[in-house]
Structures are given as structure tokens and as C-alpha cells.
Amino acid sequence: EYYPVHYVEPLKRNDALFGFDLSSIPSIKKVIRESRDSERIMASEKFKYLQDNQNNAGIFVFAPYYETKTIPVTLENRRQNLNGFLVGFYRVGEMMNQMVQPYQAKGINLVVYDADAASGNDKLYGEPLPNPRREFKNLINFSDRNWFLLWQGTDEFMGGPKKKSAWW
């Protein structure tokens, strides 16, 4: 089984990925197979991108598509009729900065961990504070992976936000 990358956009920033066989990485090959067999959109664990440093590590998200107009019902038919995957690579730091930072009240800290990571390299975003005044923890599902969110409040936040925010 080979899963080479046939199309990359934008090519300038992702040229090292063009032609790369994603199945050559065992942890990603496992996600590819699970996505194909279950017909679900699935994400990989944190992966150091081929041309980036560790700070730009991200995740791959795989969406299988099949030759048939409808998703094949049986596992055997899904395997036989797989046409490929739509794949997105998300640099988690950039993604979280765009989604959360504009709305984050002063004195609030967010750390995101991959609760399903087998590699032990589970921190996806942020740095935990040593002695926060308050903590709130929750688990979310992101493309079939469990992410653990740790929200921390400092003394600066304890007076409350000074403006309406999307925190709530």
C-alpha cells in the first residue's frame, strides 16, 4: 500500500510533501487504514512536518473518498473502492492562535494536549503555568482524537474580563 501525495496547495510552503508516501510513517499509516475502513474523518497524532521545526508540529486530518457515489457498506467494499484521501495538515499552534487568541481574556492561559497520543509527545499548544489561581479542564473530540484542554486563570483574570469575550 502506498499513499503518495499527488497535490499540494500552496506548493511553495509544502513542496517537501509533494510525492511523499504518507504510509511510510507507521503512526500515520495506522490512521489512514482506520479512516479508510471506518469511512470517518480522522486526525493523526502530533507530527513534525518535513520542513518545519518542532514548534510548527501539527496534525494530519484524513477524509477518505471512494469510487462509488455512496460510501460502500461493507469493509471489503470500502477497501476495494477507496479512491484516495483529502488530507489537511494543520499546524496546531497557528490554528489555535487564529481561533482562540483574539477572544482570550487577559490572564487566561490555554494548554492543549493530545489525550490519545501514544508517543508521549502529547502537548499540542501552549505552556502550562506553574501555580495558576484557577484551572478548568475539559475533553473535546477533534476528528476522532481526544484533546484535553487545560484553561488556567491568573490573578490578572480573577477580577474578571474587562470586555465581553467569547470565553463563555
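The values are calculated or read from the model by the stated rules, or taken from the named source; none is laboratory data. Quantities reported herein were computed from a predicted structural model and do not represent experimental measurements. Because the Cβ atoms are built from the backbone with ideal geometry, glycine has one as well, and the counts that use them run over all protein chains shown. We work out accessible area using only protein heavy atoms, side chains counted, and drop any ligands, DNA or RNA first. Shrake-Rupley method; radii C 1.70, N 1.55, O 1.52, S 1.80 Å.
Numbers at a glance
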read-out	value
Failed item in (1) open to solvent by less than 60 Å² (accessible area, probe 1.4 Å); (2) more than 21 Å from THR154 (Cβ to Cβ), with TYR90 passing the rest	(1)
Residues (open to solvent by less than 50 Å² (accessible area, probe 1.4 Å) and farther than 25 Å from LEU86 by Cβ) located in the stretch 113-137	TYR113, GLY126, PRO132
Selection within the stretch 138-168 - loosely packed, with under 13 Cβ neighbours inside 10 Å and either modelled with pLDDT of 80 or more or outside any loop (DSSP other than H, G, I, E, B) (or both)	ASN138, LEU139, ILE140, ASN141, ASP155, GLU156, MET158
Residues located in the stretch 94-108, provided they are open to solvent by less than 30 Å² (accessible area, probe 1.4 Å) and either in contact with a Leu (Cβ under 8 Å, 6 or more places away or on another chain) or on the phi > 0 side of the Ramachandran plot (or both)	MET96, VAL100, GLY107
Test: residue in the stretch 75-90 that is of a type in the set (Asp, Glu) and free of Cβ contacts under 8 Å to residues at least 24 places away in the same chain	yes
